[in-house]
Amino acid sequence: MSAGIIYLLHFDRPYAHARHYLGWTNGKLGMRLDRHAAGNGARLLAVVASAGIGWSLARTWPGTRARERQIKRQGGLSRSCPLCGVAPARKVDRRRLASLARRYPQYVRPVGA
């Protein structure tokens with residue numbers, strides 16, 4: 001299975017029980033986030049948008065679709081979300097985070113903002 005990017009989206013406020021969305025893309029993260037923003041991605045994000053709830057890119061990991069499914073099955077995505085005040089077990093690569101913020105300013109906000 002090919003490696004891609006696993007990404008975690010943090011909702012500005014909860015939608016029913018959901019506070020996060022975890023997804024996978026084949027490496028074209030900007031295009032995938034644009035599709036989500038336009039309402040053409042995951043159904044949950046379309047419903048969240050119709051409820052007037054915004055979202056932000058909170059975290060990314062390298063990985064396969066199988067790893068994405070494994071993380072989803074574990075549940076508790078807030079334990080992996082730096083925007084929920086949780087520090088990842090791995091040291092955050094500040095240069096990578098700054099690079100993502102420059103490339104996708106409409107989707108990335110500083111931690112603690």
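Each value in this text was obtained by applying a stated rule to the coordinates, not by laboratory testing. Model, not experiment: these values are computed from the prediction. Here the Cβ is made from the backbone with ideal geometry for all residues, glycine too, and neighbour counts use every protein chain on show.
Things to note:
- Convex hull volume per residue in cubic angstrom - Cα atoms of the chain: 108
- Within segment 1-84, trypsin sites (Lys or Arg not before Pro) in DSSP loop having at most 15 other beta-carbon neighbours inside 10 Å: LYS28
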